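Here is the structure we will look at.
Derivation of every value follows stated rules applied to the coordinates shown; laboratory data play no part. Predicted, not measured: the structure shown is a model, and the values here were computed from it. For neighbour counting, all protein chains shown are included, and Cβ atoms are generated from backbone atoms with ideal geometry for every residue, glycine included.
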Amino acid sequence: MALLFTKKVTKRFGGLVAVGDLDIDIREKSIHSIIGPNGAGKTTFFNCITGFYKPEEGEILFNDHSLVGLLPDRIVRLGISRTYQNIRLFPNLTAMENILVGLHGHLRAGFFGIVMSTPATRKEEKEAAEEARRLLKFVNLAGKGDFLAKNLPYGDQRRLEIARALASRPKLLLLDEPTAGMNPRETQDMMDFIQHLRDELGITILLIEHQMRVVMGISETVTVLDYGEKIAEGTPTEIQGNPKVIEAYLGRGSTAEVSQVS
Amino acid sequence: MKQAIKIGLIGGVVEILLSLIGMVEAFSQRDIIAHVISMGHTLLIIVALFMGYLAAKRTPGKGSLWVLANSFLSGLIVGGLVSLLVIVGSLIDLRKVFVNAMPVLYELLTFKQGTQIGVFLLLGAGALSGVLAGLFFLSPKLLRRVLLISLGSVVGAGVLQDLLRPTFSLWGPLAIINEWLFTANGLTIQGAIGLFVLIAALLLFWSRKGSVIQTGFRQLPPAPQRILKMSGILILVFILLILPQVLGLFLSEVFTIVGLYVLLGLGLNIVVGYAGLLDLGYVAFFAIGSYTTAVLTSPELGFFSLSFWEALPFVIVMGVFSGVLLGTPVLKMRGDYLAIATLGFGEIIRILVLSDFLRPWLGGAQGIGKIPKASIAGFEFAGPQQIYYLILAGCLLVIFISLRLRDSRLGRAWMAMREDEDVAQAMGINLVATKLLAFATGAGFSALSGAIFATKLSSVYPHSFNVMISINIVCVIIVGGMGSIPGVIVGAAALVGLPELLREFAEYRLFVYGAALVAMMLLRPEGLWPEAVHRREFHEEEEKEAESKSSLELKSG
Ligand SMILES: Nc1ncnc2c1ncn2[C@@H]1O[C@H](COP(=O)(O)OP(=O)(O)OP(=O)(O)O)[C@@H](O)[C@H]1O
Ligand SMILES: [Mg+2]
């Protein structure tokens, strides 16, 4: 069954069609990768799903809710959360506070409850702090909760960003190049971690990836974009043999990545 | 080498500027140490020392001889440029352009020794300052700290003599200290030395034994630890309560002014410091608070004639309401655009109040008078010594609310918005509601201070609410440290309290603000007292302990 379902989504920037007529089905509890050369429109597609951009045409359905025209804060409440290609943590907040912001939508305290520090508020805050600590531990950052996000090393920042996304308890998690800038060991850890997210927490994962090793290693379905359009879709093995895909990458002179795996 | 020359030149230009705008002369009225050194000379020396230190710090390689040579050079250049001013001044009459270039200025600069000897003295003094700064740079960290703080205290005591002297003289036993420490103008020599030695000794003692005492404190069982903490707080409260009686009328007045700025600053701190919305029209809410109080309470207009306390809830509601009202049109604006738009709002409110159209209700340029004083059970908050308590209560309330908000879901939402608005929204934060809440909270605090301001003066005039107030408050927050509550207090004390205490400052207030802002941006962009990183992950145990204890207390009680 499709958790996320898009029909003929189109996003233009002036004359440039960043995403064109895109149809994608994302099955529940799958790991689905989107690949494509630079500027293919992958990030733009993410931005359309999460409400950063409003597509000019088309329909995006999540659990039978239409997402087009909703603001990002509504969409995250429906259960879609994301990370960013170039990490966007709240740099001057601690790791712990970053995660607590992720929990925002699940907390109810209002102005007077907070000022009076009502029992309900205190209970809620305590539970939130516990959950945040649990998430820190989950992404292997236990003990680093009091560090400012900007002072964490790169790999930790990537994982903290995922923890923050998880804090909103998503059904669908969008990861924009989660292994960018990682060495092979870290990349392997991240792959295991992503698989773990799906297997243990049952979160559906939509993934933008450049490293073919990752794409082929963990995804069940791969969608290939080029110039904003879908040029192929299928299992990793089907994609690898697809001449159109090789052509798209060849045309941009990055054969290395595709052939690397085969 | 090149760096040192450059730094020296900058220092020299700064000193010439300070001399020509008349600051040195104005400041030399007051002696730091009686008949030894005046505040004007101190100012010049501090600049020379600072430049020497910079030159030392920027020395590549950092071989100590080079460091000293560079700091010597920059000091010499500073002295040289000032001598140049003296020489040029003795040949040409600069007064046509610079009104402050009077003979008395040259006398000050040459230590009353005439041009020839004075020039050598200046060069010597500059070079000496430079070398001292270089030595300071080379000395170990502990020594540097001790020297800096002890010397700073001596200068501080000298600068704040008008504050300290009456305080001491009011109390019999302390009067002796007063005589020993101060003359009619400046510290006595033995007082200055004594103070320096005392502070240095205390600092050295603390550096040796401080950690022992701290761990000792932490190892105490929780009960006495709490008692110690509580007694600390009680002492602080006691001091705050008796302060106006101790300080007398004038200083209480200074405290009330600082207190009003603290109140305003805490409100703007929510908008700018927490939520990151640069609001330059903040005075609007102050004005709205004042005028609402006036309209509701003043018999002069004869609409309502409520008492202060009856009017207060309406004032706060009015403030919050106008916060939402003025916040709504600027919801989509960020950064500079927001600043400009809000700046406009501040002016609009002032002009509206001034207008003939609203004159029957708001009194136009004549303002509104006869605003009654607040009173509780017969105690009237009449003069500064009584209003002080009103303001203190207001500050404590607002600090309390700010603290609660900061550590909450709302505070975090504000700060997330400040850090990255788009991502905050994508984390489920409703930007409209969150922004409006920040505007409304800040406006409510501001209206509260407006109400106190109105009863303090017993009257309100449009010209009290000009854009300078907004700018002052923004400066207070930046200098104190964005988002930091103690920072607001320190910032208000430094930027509002000091100029009130020092007549000499008042004239150069804006100059000092500008210099302070530039200096802060360069040297300490996080502010005088930055917001401490909030530790949460390891608070767990303490929290649990405190909680189990309070539940025990509940059961036993
Ligand atoms: N806000 C914008 N305004 C104008 N053009 C944009 C904007 N965002 C993206 N584009 C353009 O849209 C196209 C798709 O960009 P997008 O960032 O989605 O590519 P991508 O597939 O994520 O590439 P990469 O692998 O480099 O991250 C690019 O040509 C880009 O220049
Ligand atoms: Mg991208």
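The Cα trace of chain A gives Rg and Dmax of 19.2, 66 Å, the first to one decimal, the second as a whole number. Taking every alpha-carbon pair under 8 Å whose residues sit at least 6 apart, region B:13-69 reaches a relative contact order of 22 percent. Among the chymotrypsin sites (Phe, Trp or Tyr not before Pro) found in region B:155-223, those both in a DSSP coil and sparsely packed, with 14 or fewer other Cβ atoms within 10 Å of their Cβ, are B:Trp171.
Look at B:Tyr508, A:Tyr53 and count the other Cβ atoms within 10 Å of each Cβ; fewest to most, that gives A:Tyr53, B:Tyr508. Normalising the Debye intensity of chain B to I(0), with uniform scatterers on Cα atoms only, and taking log10 at q = 0.07 Å⁻¹ returns -0.52. Of the trypsin sites (Lys or Arg not before Pro) in region B:36-88, the ones in a loop by DSSP (not H, G, I, E or B) with at most 13 other beta carbons within 10 Å are B:Lys62. For region B:1-138, evaluate the Debye formula with one uniform point scatterer on each Cα (no solvent term) and list log10 I(q)/I(0) at q = 0.15, 0.16, 0.17 Å⁻¹, rounded to two decimals. Calculated log10 I(q)/I(0) at the listed q: -0.67, -0.75, -0.83. If you wrap the tightest convex hull around every Cα atom of region A:89-167 and split its volume per residue, you get 83 Å³.
Between A:Glu220 and B:Arg145, the simple label model (points 7 Å from Cα in the Cβ direction) yields a spacing of 6.0 nm. Residue by residue along A:82-94, Cβ atoms of other protein chains within 10 Å of the local Cβ number 4 on average. Taking a straight Cα-Cα cut-off under 15 Å and skipping sequence neighbours fewer than 8 places away in the same chain, the aspartates and glutamates within cross-link reach of B:Lys332 are B:Asp279, B:Asp420, B:Glu421, B:Asp422. Can you give the FRET efficiency to the nearest 0.05 for A:Asn183 and B:Glu526, using r as the Cβ-Cβ distance and R₀ = 30 Å? Using R0 = 30 Å, I get an efficiency of 0.35. Considering only beta bridges that DSSP places wholly inside the protein assembly as shown, some 60 percent are antiparallel. Looking only at region B:455-498, which residues have a backbone nitrogen under 16 Å from a spot 7 Å from the Cα of B:Glu300 in the C-beta direction? Taking a point 7 Å out along Cα→Cβ of B:Glu300, the residues of region B:455-498 whose backbone N falls under 16 Å are B:455-465.
Give me A:Asp176, B:Asp420, B:Asp336 ranked fewest to most by other Cβ atoms within 10 Å of their Cβ, as a rough exposure proxy.
So the ranking, lowest neighbour count to highest, is B:Asp336, B:Asp420, A:Asp176.
Averaged over the residues of peptide A:130-139, the number of Cβ atoms from other protein chains lying within 10 Å of each residue's Cβ is 1. The ellipsoid that matches the Cα gyration tensor of region B:142-219 has semi-axes, each √(5λ) in whole angstrom, of 28, 16, 10, with the longest given first. Working note: 222 nm ellipticity from helices only, DSSP H runs with n ≥ 4, each -39,500 (n - 2.57), summed and divided by the residues of chain B, gives -24500 deg cm²/dmol to the nearest 500.
On the beta carbon distance between B:Ala223 and B:Ala519, with R0 = 51 Å, the FRET formula returns roughly 0.65. Looking at the P(r) of region B:381-427, how many percent of alpha-carbon pairs lie beyond 14 Å? Here the long-distance tail beyond 14 Å is 63 percent of all Cα pairs in region B:381-427. Sites listed here are trypsin sites (Lys or Arg not before Pro) in region A:1-110 whose DSSP assignment is loop and whose Cβ has at most 13 other Cβ atoms within 10 Å: A:Arg108.
The reciprocal of the average 1/r between distinct C-alpha atoms defines the Kirkwood hydrodynamic radius, which for the protein assembly as shown equals 31.3 Å. Counting every other Cβ atom within 10 Å of each residue's Cβ, B:Tyr337, B:Tyr53 order from fewest to most as B:Tyr337, B:Tyr53.
Each Lys and Arg contributes +1 and each Asp and Glu -1, all at the Cβ; summed about the Cα centre of the protein assembly as shown, the dipole is approximately 1320 debye. Given the pairs A:Lys42/A:Lys144; A:Lys11/B:Lys435; A:Lys123/A:Lys144, which span a C-alpha to C-alpha distance of over 27 angstrom in this model? Distance filter (> 27 Å) returns A:Lys42/A:Lys144; A:Lys11/B:Lys435. Counting pairwise Cα distances across region B:54-115, what percent come out greater than 15 angstrom? Of the Cα pairs, 59 percent sit more than 15 Å apart.
When the Cα convex hull of region B:243-477 is projected onto planes of every orientation, the mean area is 12.7 nm².
Counting 0.36 nm for each residue step from B:Leu358 to B:Lys332 and taking away their Cα separation leaves a gain of 6.3 nm. Taking all Cα pairs closer than 8 Å and separated by 6 or more residues, the relative contact order of chain A comes to 26 percent. Report the relative contact order of chain B, percent, no decimals, based on alpha-carbon pairs under 8 angstrom and at least 6 residues apart. Value for chain B: 15 percent.
Going by a ≥ b ≥ c, the root eigenvalues of the Cα gyration tensor, does region B:98-235 fall in the rounded group (a/c under 1.5), the prolate group (a/b larger than b/c) or the oblate group? Note, shape of region B:98-235 comes out oblate.
Taken residue by residue and averaged, Cβ atoms of other chains lying within 10 Å of the Cβ of B:381-390 number 0. The equivalent ellipsoid that matches the C-alpha gyration tensor of region B:405-501 spans semi-axes of 30, 17, 11 angstrom, in descending order. Per residue of chain A, the DSSP helices (runs of n ≥ 4 H) give a summed -39500 (n - 2.57) that works out to -12500 deg cm²/dmol at 222 nm. Placing dummy labels 7 Å off each Cα toward the beta-carbon, the span from B:Gln113 to B:Leu17 is 2.8 nm.
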